[in-house]
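Each remark here refers to the structure printed beneath this line.
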Amino acid sequence: RHIPGVFEAVRAEFGPELPLLHDGHHRMTPIQAAKLGRSLEPYDLFWLEDCTPAENQEALRLVRQHTITPLAIGEIFNTVWDYQTLIQEQLIDYVRSAVTHTGGISPMKKLMDFAAQYQIKSGIHGPTDISPVGMAAALHLGLAIHNFGIQEYMKHGEATDRVFQQSFTFRNGLL
């Protein structure tokens, strides 16, 4: 009940152009996720991420039936087979796998080509447990696919930056 009020306040303060995303961390039941997705529709979220446990793909059918809030899932997935039903039935809008967890650039590109057939975009996972090498791979892939959606990015710490010299930069919201 609290979350829609938070999004209402953020929209009132920052307006309609600010992309808003919410991560449910796999904690909701299908009914809770469907109800939350519907209640967030007036705030035009970029996506609702991991609203239910990703392994329970049946749950996403129920969520999809009750909300038009875009859904993102998959940071725990490792193969195209994990996504097959979700993509073919258009139960998600964004693929969230990491390039390093999905076998590299080539397998991830094949997954994104499959997703493109169903108008599903990338939302490549990019937390700090993905090294700068993995992030560079994700950036290269993002440039190579026509269904790019967004790239998750978290700045690494000084120790990591000393080990992995990087040529990519983050400025004004762009990598």
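The values are calculated or read from the model by the stated rules, or taken from the named source; none is laboratory data. A quick note: this is a predicted structure, and the numbers were derived from the prediction, not measured. Cβ placement follows ideal geometry from the backbone for every residue including glycine, while neighbour counts extend to all protein chains displayed. Side chains are part of the model used for accessible areas, which takes the heavy atoms of the whole protein and leaves out ligands, DNA and RNA. Shrake-Rupley method; radii C 1.70, N 1.55, O 1.52, S 1.80 Å.
Taking a point 7 Å out from the Cα of HIS25 in the direction of its Cβ, the residues of the stretch 115-155 whose backbone N falls within less than 20 Å of it are 125-130, 152-155. I'd like the orientation of helix 2-14 relative to the chain: the angle between its Cα long axis and the longest Cα principal axis, in ° from 0 to 90, rounded to 10. Roughly 70 degrees, rounded to the nearest 10. Full extension of the segment from TYR118 to VAL133, taken as 0.36 nm per residue of separation minus the current Cα-Cα distance, would add 2.5 nm. Ignoring aspartates and glutamates fewer than eight residues from LYS109 along the same chain, the ones with Cα atoms less than 18 angstrom from its Cα are GLU75, ASP82, ASP93, GLU152. When nucleic acids and ligands are ignored and a 1.4 Å probe is applied, SER167 ends up with an accessible area of around 120 Å². Using only Cα atoms, locate the centre of the stretch 114-148 and the centre of the stretch 77-103, then give the distance between them in Å, rounded to an integer. Each part's Cα centre sits 11 Å from the other's. Working note: Karplus 6.51/-1.76/1.60 with θ = phi - 60° gives the stretch 132-141 the couplings x, 5, x, 5, 4, 4, 5, 5, 4, 4 Hz, where Gly and Pro are set to x. Counting only protein chain heavy atoms and rolling a 1.4 Å probe, the accessible areas of ILE120, ILE150, ILE31 rank, largest first, as ILE31, ILE150, ILE120. Partner lysines whose Cα lies under 18 Å from the Cα of LYS110, excluding those fewer than 8 positions away in the same chain, are identified as LYS121.
Rounded to the nearest 10 degrees, the inclination of helix 57-66 to the longest alpha-carbon principal axis of the chain is 50 degrees.
If you take the alpha carbon atoms of the chain and fit the smallest convex hull around them, that volume is 125 Å³ per residue. 3J(HN,Hα) along the stretch 25-32: 6, 6, 9, 9, 6, x, 5, 4 Hz, from the Karplus curve 6.51 cos²θ - 1.76 cosθ + 1.60 with θ = phi - 60°, whole Hz, x for Gly and Pro.
Positive end of the dipole of the chain, charges at C-beta (+1 Lys, Arg; -1 Asp, Glu), about the Cα centre: which of LEU86, THR169, TYR118 has its Cα farthest in that direction? It is TYR118, whose Cα lies furthest towards the positive end.
Inter-label distance, TRP81 to ARG171: 4.5 nm, where each label sits 7 Å from its Cα along the C-beta direction.
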